[in-house]
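Visitor: Take a look at the following structure, please.
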Amino acid sequence: MANVAPTARPDRSAIVPGRLPAVPAPRRLLGKLSLTWLPVAPFFLYVTIFMLLPSLSIVQGAFSKSTGSGYTLDHVRTLFDPQYRDAFWTSIKLSVATALTGGIFGLFVAYAAVKEGAPRWIRSALITFSGVAANFAGVPLAFAFIATIGTTGVITSFLSSYGIDIYSNGFTLYSFTGLTIVYTYFQLPLMILIISPSIDGLRSQWREAAENLGANTFQYWRMVGLPILWPSLLSAMVLLFGSAFSAYATAYALIGSGSVNLVPIIIGAVMSGNITIDPNLGDALALGMIVIIGFTVAIYALLQRRASRWLR
Amino acid sequence: MRDRNRQISRRQLLQMGAAGGLGLAGLGAFPGLLETPEALADSGRISKSLIDAAQKEGAINLIALPPDWADYGEIIRIFQTKYRLGISNANPDGTSAEENQAIQTLKGQDREPDAVDVSGSAAQAGKAAGLYQPYKVSTWNTIPAALKDSQGYYYGDYWGAMSFLSLNHVVKQAPKDWSDLLSPKLRGMVAIDGKPYSAGDGFGAVMAASLANGGSLDNIEPGINFFVKLKKAGNFNPADAYTATILKGATPIAIKWDYLNLAVRDQGAAQGQKITVNIPKHGVYGGPYYQAISAYAPHPNAAKLWMEFLYSDQGQLLWLKGYTHPARYLDLAKRKKIPAKLAKKLPPASAYKNVKFATLAQIAKANAILQEQWDAKMG
């Protein structure tokens, strides 16, 4: 009875009760390749040349001998030395910290601006600002913070004129805490940009229905709101994690010589320096980062599929 | 592979440094030369055929030469007008590793660098990887043996010593020695130039600290421990120290090569900011850089002309103007070619009398220790 080709969508224009409509088979080229893949080919070419091939060369470099030809596990083995283990751990900790801070506070700000009762102009102003701030990361951001809360920064001097010396009380911009604050500057807007469409997807009818059935605000969020938002929330934070994990220029401008042990800084130091000339170690470290980010993106893809089920 | 026969003997380098210092001190006894263009004219040993061949090539590709590093801006300008060759200076803030990498990846292309100015470690690595072609400039014999590869693959161009820079309006009392850096008045002020196992500048700072605190060229750990102490005192600033951060007051005390700090001093003076540069009393560490011609240079004759120019009296004096000690310093001093006005702008020769240079083997050993310990202790 059914005459449906395996890769085609049903044609709803010819609905006959009792029988599924006939569907034309997809056009085939050379008997094997379907023409539907053709428009996507440039994208795959781009991905291959600019993402797959460089990644493969990193993997090859990580396992190649430093002098001469041949392969070795030495570089990957040195990744487990204490200073590199510490660097990976610090990078992960920093990324998780900023993903959580940026994520949670970003959610609050986005919800306040995007929910149904909010004034119209706030939303567009916030989205525009977030679009700029999310991409402001790098050396200018580091300098902006040095000029603001560095040792001779504007805010620091202002506070010390009132007798509050934040630096003698243990705070310093050039530490883990300082870096978290700086990273949050671009993590929070990024969160706002990502989560706003999901908050839009929280239909007000659901809220009204829940209130009709006697739920208060807390119950609404616990049983309706958060479960719906949860997958996109989590995947947004996973994206924030990746963004912080690979940040280089910002960290370099702030703590380039030491004081916080981060993996991208070490990669930069061993790959382009004057004293250590060891690109294979850099490749091994990059491989470690690829593995960790790969995990992150895999989780993100999984959660993304789950999140989109709710929005259809 | 390291050629142990060419290990720079510490004694030779010490003698060179001491003699250099004496030469500078002895200048005061001689009448100063007028600073006219004639005084800075080259020694006239560059052959016409080389100039013609270079001009036929029409251009030279240089790399990683910041204009305010050892007066390269002026050197490039003078070379360009004198020989009417187009110069392209790629990646001015590049590192030595990037220079070697550029030779490798741009092999056979027109953009490949013709000549490089790299650290000792990179020069050795470059020779081992077959990236350079040998060339002995006409003034080869006046370059100290300790500063050149005997086969002519690379040759020292200039050296500097580690120095302290301080921004006067932030730092009331300029530090004169390493112990001064630990003063509680200098909270968050002391910065170096990048990670010591990566940047030659940063490496020099830790090695000099080691020499001043009980270590030696073979033992860099006391240097690392000094910086840990500095960090615990709250005085260490992990931001990279360069002109912008120094003049803005973000890193008001910078431990870098003397020629870099003196150039920043001049730039500060132009902006009305007073800066003091001191060579530390203890722990004077010197570091040379090396020139080399790329093996696949697209303009080999232009590259050779560039080398001849750099190692002529004019080129060497321009490097001296950039506050470095050029390789042929002793020769120039002997032939009384150094203008007194120029000599006066440098720190006194007595500051350099105890300068120490490390062999490439010592640098590699110290580097391995730094890679293990710096991040672990400072992170």
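The values are calculated or read from the model by the stated rules, or taken from the named source; none is laboratory data. On a predicted model such as this, the values are computed, not experimentally measured, just so you know. When we count neighbours, we look across all protein chains shown, and the Cβ atoms used for this are built from the backbone with ideal geometry, even at glycine.
Visitor: If I ask for residues that are within 12 Å of another protein chain (Cβ to nearest Cβ), among the aliphatic types (A, V, I, L, M) and surrounded by fewer than 21 Cβ atoms within 10 Å (Cβ to Cβ), which ones from the range A:125-148 would you list?
Guide: A:V139, A:A144, A:A147
Visitor: Further question: Do we find a residue being more than 30 Å from A:Y167 (Cβ to Cβ) and out of contact with any Ser or Thr (no Cβ under 7 Å at 6 or more places or on another chain) anywhere in the range B:166-181? Explain how you work it out, then say what you get.
Guide: In the first step, residues of the range B:166-181 are kept if they are more than 30 Å from A:Y167 (Cβ to Cβ); the result is none.
Looking for residues that are more than 30 Å from A:Y167 (Cβ to Cβ) and out of contact with any Ser or Thr (no Cβ under 7 Å at 6 or more places or on another chain), one finds none in the range B:166-181, hence no.
Visitor: Checking B:Q267 against (1) under 17 Å from the mean Cα position of the chain (by Cα); (2) among the polar types (S, T, N, Q); (3) outside any strand (DSSP E or B), only one condition comes out false. Which one?
Guide: Against the list (1) under 17 Å from the mean Cα position of the chain (by Cα); (2) among the polar types (S, T, N, Q); (3) outside any strand (DSSP E or B), B:Q267 comes up short only on (1).
Table: residues versus (1) under 25 Å from A:S130 (Cα atoms); (2) not basic (K, R).
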site	(1), (2)
A:T172	no, yes
A:L188	yes, yes
A:I199	yes, yes
A:R203	yes, no
A:A209	no, yes
A:N212	no, yes
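Visitor: Would you please list the contacts, defined by Cβ atoms under 8 Å and residues six or more apart or on different chains, that run from a residue in the range B:305-320 that is without any contact (Cβ under 8 Å) to a residue 40 or more places away in the chain to a residue that is among the small types (G, A, S) and assigned to a loop (DSSP other than H, G, I, E, B)?
Guide: Cβ pairs passing all conditions: B:Q316/B:A327.
Visitor: Further, regarding this structure: For the list (1) in contact with a strand residue (DSSP E or B) (Cβ under 9 Å, 6 or more places away or on another chain); (2) more than 30 Å from B:I293 (Cα to Cα), I need the number of the one condition that B:G156 fails.
Guide: Of everything listed in (1) in contact with a strand residue (DSSP E or B) (Cβ under 9 Å, 6 or more places away or on another chain); (2) more than 30 Å from B:I293 (Cα to Cα), B:G156 misses just condition (2).
Visitor: Are any residues in the range B:191-240 more than 8 Å from chain A (Cβ to nearest Cβ), among the polar types (S, T, N, Q) and outside any helix (DSSP H, G or I), and if so, which ones?
Guide: B:N213, B:S216, B:N219, B:N235
Visitor: Can you say whether A:T148 is farther than 30 Å from A:R123 by Cα, touching a helix residue (DSSP H, G or I) at 6+ places or on another chain (Cβ under 8 Å) and not in a loop (DSSP other than H, G, I, E, B), as far as the supplied structure shows? Reasoning before the result, please.
Guide: Working: farther than 30 Å from A:R123 by Cα: no; touching a helix residue (DSSP H, G or I) at 6+ places or on another chain (Cβ under 8 Å): yes; not in a loop (DSSP other than H, G, I, E, B): yes.
In short, no.
Visitor: For the range A:84-93, state whether one or more residues are without any contact (Cβ under 8 Å) to a residue 12 or more places away in the chain and within 14 Å of chain B (Cβ to nearest Cβ). Break it down stepwise before answering.
Guide: Taking the range A:84-93 as the starting set, the residues that turn out to be without any contact (Cβ under 8 Å) to a residue 12 or more places away in the chain are A:85, A:89.
Add one more test, that the residue is within 14 Å of chain B (Cβ to nearest Cβ), and what stays is A:85, A:89.
Yes, the range A:84-93 contains at least one residue that is without any contact (Cβ under 8 Å) to a residue 12 or more places away in the chain and within 14 Å of chain B (Cβ to nearest Cβ).
Visitor: Hey, can you tell me all the residues within the range B:87-129 that are within 12 Å of another protein chain (Cβ to nearest Cβ) and at positive phi?
Guide: B:N91
Visitor: For the range A:177-186, how many residues meet the condition of being surrounded by fewer than 18 Cβ atoms within 10 Å (Cβ to Cβ) and either within 11 Å of chain B (Cβ to nearest Cβ) or under 20 Å from B:M378 (Cα atoms) (or both)?
Guide: Within the range A:177-186, the first condition is being surrounded by fewer than 18 Cβ atoms within 10 Å (Cβ to Cβ), and the residues that meet it are A:177, A:181.
Going one step further and asking which of them are either within 11 Å of chain B (Cβ to nearest Cβ) or under 20 Å from B:M378 (Cα atoms) (or both), we end up with A:177.
The qualifying residues number 1.
Visitor: Could you grab me the full set of residues in the range A:281-293 that are touching a Gly at 6+ places or on another chain (Cβ under 6 Å) and either at positive phi or surrounded by fewer than 21 Cβ atoms within 10 Å (Cβ to Cβ) (or both)? Give the derivation first.
Guide: Restricting attention to the range A:281-293, the residues satisfying the condition of being touching a Gly at 6+ places or on another chain (Cβ under 6 Å) are A:283, A:293.
Passing the criteria: only A:I293.
Visitor: Ok, one more. Going through the range B:307-354 one residue at a time, which ones are more than 23 Å from B:D266 (Cβ to Cβ) and hydroxyl-bearing (S, T, Y)?
Guide: B:Y311, B:S312, listed by residue number.
Visitor: It is to be established whether one or more residues within the range A:67-80 are within 12 Å of chain B (Cβ to nearest Cβ), in a loop (DSSP other than H, G, I, E, B) and in contact with a His (Cβ under 9 Å, 6 or more places away or on another chain). Spell out how you get there, then give the answer.
Guide: Filtering the range A:67-80 for residues within 12 Å of chain B (Cβ to nearest Cβ) gives A:67-68, A:78.
Retained after the next criterion (residues that are in a loop (DSSP other than H, G, I, E, B)): A:67-68.
Narrowing further to those that are in contact with a His (Cβ under 9 Å, 6 or more places away or on another chain): none.
Looking for residues that are within 12 Å of chain B (Cβ to nearest Cβ), in a loop (DSSP other than H, G, I, E, B) and in contact with a His (Cβ under 9 Å, 6 or more places away or on another chain), one finds none in the range A:67-80, hence no.
Visitor: While we're looking at this one, here's another question. Could you say whether any residue in the range B:355-378 is in contact (Cβ under 8 Å) with a residue 60 or more places away in the chain, closer than 26 Å to A:D278 by Cα and hydroxyl-bearing (S, T, Y)?
Guide: yes
Visitor: Quickly run through the range A:227-245 and pick out the residues that are surrounded by fewer than 16 Cβ atoms within 10 Å (Cβ to Cβ) and either under 29 Å from A:N135 (Cβ atoms) or in contact with a Ser or Thr (Cβ under 6 Å, 6 or more places away or on another chain) (or both).
Guide: Kept after step one, since they are surrounded by fewer than 16 Cβ atoms within 10 Å (Cβ to Cβ), are these residues of the range A:227-245: A:227, A:230.
Scanning the range A:227-245 gives a single hit, A:W230.
Visitor: Further question: Being crowded, with 20+ Cβ neighbours inside 10 Å, part of a loop (DSSP other than H, G, I, E, B) and polar (S, T, N, Q) is the filter here; which residues of the range B:120-176 pass it?
Guide: B:T139
Okay, residues lined up against (1) outside any helix (DSSP H, G or I); (2) touching a strand residue (DSSP E or B) at 6+ places or on another chain (Cβ under 9 Å); (3) touching a residue at least 60 places away in the same chain (Cβ under 8 Å); (4) over 30 Å from A:P264 (Cβ atoms):
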| residue | (1), (2), (3), (4) |
| --- | --- |
| A:S130 | no, no, yes, no |
| A:F143 | no, no, yes, no |
| A:S157 | no, no, no, yes |
| A:G163 | yes, no, no, yes |
| A:L173 | yes, no, yes, no |
| A:V182 | no, no, yes, no |
| A:Q187 | no, no, yes, no |
| A:I192 | no, no, yes, no |
| A:I199 | no, no, yes, yes |
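Visitor: As an exercise: evaluate A:G214 against (1) assigned to a loop (DSSP other than H, G, I, E, B); (2) under 23 Å from A:F145 (Cα atoms); (3) modelled with pLDDT of 90 or more and give the number of the one condition it does not meet.
Guide: For A:G214, the failing item is (2).
Visitor: Go through the residues of the range A:231-242 one by one and say whether even a single one is within 14 Å of chain B (Cβ to nearest Cβ) and assigned to a helix (DSSP H, G or I).
Guide: We begin by selecting, within the range A:231-242, every residue within 14 Å of chain B (Cβ to nearest Cβ); these are none.
No; the residues of the range A:231-242 include none that is within 14 Å of chain B (Cβ to nearest Cβ) and assigned to a helix (DSSP H, G or I).
Visitor: Does the range A:245-260 hold any residues that are within 12 Å of another protein chain (Cβ to nearest Cβ) and assigned to a loop (DSSP other than H, G, I, E, B), and which are they?
Guide: Filtering the range A:245-260 down to residues within 12 Å of another protein chain (Cβ to nearest Cβ) leaves A:249-260.
The answer is A:G256, A:S257, A:G258, A:S259, A:V260.
Visitor: Just give me the residues in the range B:296-352 being of a type in the set (G, A, S) and within 19 Å of the chain's Cα centre (by Cα), in sequence order.
Guide: First pass over the range B:296-352, keeping only residues of a type in the set (G, A, S): B:297, B:302-303, B:312, B:315, B:322, B:327, B:333, B:340, B:343, B:349-351.
Of everything in the range B:296-352, those that are of a type in the set (G, A, S) and within 19 Å of the chain's Cα centre (by Cα) turn out to be B:S312, B:G315, B:G322, B:A327, B:A343, B:A349, B:A351.
Visitor: Between A:T276, A:T296, A:T217, which is surrounded by 14 or more Cβ atoms within 10 Å (Cβ to Cβ) and either under 17 Å from the mean Cα position of the chain (by Cα) or away from every other protein chain (no Cβ under 14 Å) (or both)?
Guide: Values: A:T276 fails: either under 17 Å from the mean Cα position of the chain (by Cα) or away from every other protein chain (no Cβ under 14 Å) (or both); A:T217 fails: surrounded by 14 or more Cβ atoms within 10 Å (Cβ to Cβ).
Result: A:T296 is the single residue among A:T276, A:T296, A:T217 that is surrounded by 14 or more Cβ atoms within 10 Å (Cβ to Cβ) and either under 17 Å from the mean Cα position of the chain (by Cα) or away from every other protein chain (no Cβ under 14 Å) (or both).
Visitor: Let me ask something additional. Residue check: is B:E98 in a loop (DSSP other than H, G, I, E, B) and crowded, with 19+ Cβ neighbours inside 10 Å? If you could, list the steps in order and put the result at the bottom.
Guide: On the way: in a loop (DSSP other than H, G, I, E, B): no; crowded, with 19+ Cβ neighbours inside 10 Å: yes.
The answer is no for B:E98.
Visitor: Taking interchain pairs and intrachain pairs at least six residues apart, which have beta carbon atoms under 7 angstrom, with the first residue in the range B:280-303 and under 14 Å from B:L106 (Cα atoms) and the second hydroxyl-bearing (S, T, Y) and surrounded by fewer than 24 Cβ atoms within 10 Å (Cβ to Cβ)?
Guide: Note: no pairs meet the criteria.
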